Amino acid sequence: MRLRRGTLPSAVRDALRLERGERVLAAAPTRGGSHVTATTAALHLPTTSGGFTRIPWERVDHATWKDGWLHVQETSAGAAHDIGLTDPGSVPETVRERVTATIAVSHQAVLPGGTKVRIAGRRPATGGDIRWTFVFEAGTDPADPGLRAQAEQVLEELRRQTGL
């Protein structure tokens, strides 16, 4: 079942608490009886309490669709979400397009000690300044002040090169 204008159940629409100007682009029913909803500004994932977790597009590190499951990894807190969809409709394509549209720059770097870091500059869908994130390779401590300082130096050079 594809989302048509007005087909999102009103209880779901009311629980979403959309921001001013935010529009629903795609929605899909979940195996839990709720909906995953992609809007112009964010991905809304159902919670076990009946509400929704709102993840702005620039905070989605990556999302994949496999075997009926939408897998979403956030950038900031590193939270991961796995949601089973009964009929994905255009949700996977919409998620891919929206996440990709926020990427201003993505750069892979090797720090002096050999640790790898991905630096991403993402522009919020609602506009505003670019937000920078560091994603360090598995097994490293992202809170390590030495690693952060090295990554910050790479970021400064990247900003000079790109003008961002």
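Considering each of Gly84, Gly89, Gly113, Gly68 in turn, give the residue that is within 27 Å of Leu164 (Cβ to Cβ) and among the small types (Gly, Ala, Ser). Spell out the reasoning first.
Numbers: Gly84 fails: within 27 Å of Leu164 (Cβ to Cβ); Gly89 fails: within 27 Å of Leu164 (Cβ to Cβ); Gly68 fails: within 27 Å of Leu164 (Cβ to Cβ).
Gly113 is the lone residue from the list that is within 27 Å of Leu164 (Cβ to Cβ) and among the small types (Gly, Ala, Ser).
Does Arg160 count as basic (Lys, Arg), without any contact (Cβ under 8 Å) to a residue 12 or more places away in the chain and either surrounded by 16 or more Cβ atoms within 10 Å (Cβ to Cβ) or at negative phi (or both)? Show your work before the answer.
Details: basic (Lys, Arg): yes; without any contact (Cβ under 8 Å) to a residue 12 or more places away in the chain: yes; either surrounded by 16 or more Cβ atoms within 10 Å (Cβ to Cβ) or at negative phi (or both): yes.
Against the criterion (basic (Lys, Arg), without any contact (Cβ under 8 Å) to a residue 12 or more places away in the chain and either surrounded by 16 or more Cβ atoms within 10 Å (Cβ to Cβ) or at negative phi (or both)), Arg160 qualifies.
Answer with yes or no whether Thr133 is out of contact with any helix residue (DSSP H, G or I) (no Cβ under 6 Å at 6 or more places or on another chain), touching a residue at least 40 places away in the same chain (Cβ under 8 Å), β-branched (Val, Ile, Thr) and part of a loop (DSSP other than H, G, I, E, B).
Working: out of contact with any helix residue (DSSP H, G or I) (no Cβ under 6 Å at 6 or more places or on another chain): yes; touching a residue at least 40 places away in the same chain (Cβ under 8 Å): yes; β-branched (Val, Ile, Thr): yes; part of a loop (DSSP other than H, G, I, E, B): no.
Spelling it out, it is not the case that Thr133 is out of contact with any helix residue (DSSP H, G or I) (no Cβ under 6 Å at 6 or more places or on another chain), touching a residue at least 40 places away in the same chain (Cβ under 8 Å), β-branched (Val, Ile, Thr) and part of a loop (DSSP other than H, G, I, E, B).
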> Tell me, which strands (runs of 3 or more DSSP E) wholly within the range 7-118 include 1 or more residues that are in contact (Cβ under 8 Å) with a residue 24 or more places away in the chain, open to solvent by 10 Å² or more (accessible area, probe 1.4 Å) and in contact with an Asp or Glu (Cβ under 7 Å, 6 or more places away or on another chain)?
Replying inline: 24-29, 60-66
> Do we find that Arg131 is of a type outside the set (A, V, I, L, M, F, W, C), in contact with a strand residue (DSSP E or B) (Cβ under 6 Å, 6 or more places away or on another chain) and open to solvent by less than 30 Å² (accessible area, probe 1.4 Å) in this structure?
Replying inline: no
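The values are calculated or read from the model by the stated rules, or taken from the named source; none is laboratory data. Only a predicted model underlies this, so the values are computations on that prediction, with no experimental measurement involved. When we count neighbours, we look across all protein chains shown, and the Cβ atoms used for this are built from the backbone with ideal geometry, even at glycine. The area values use the complete protein model at the heavy-atom level, side chains included, leaving out ligands, DNA and RNA. Shrake-Rupley method; radii C 1.70, N 1.55, O 1.52, S 1.80 Å.
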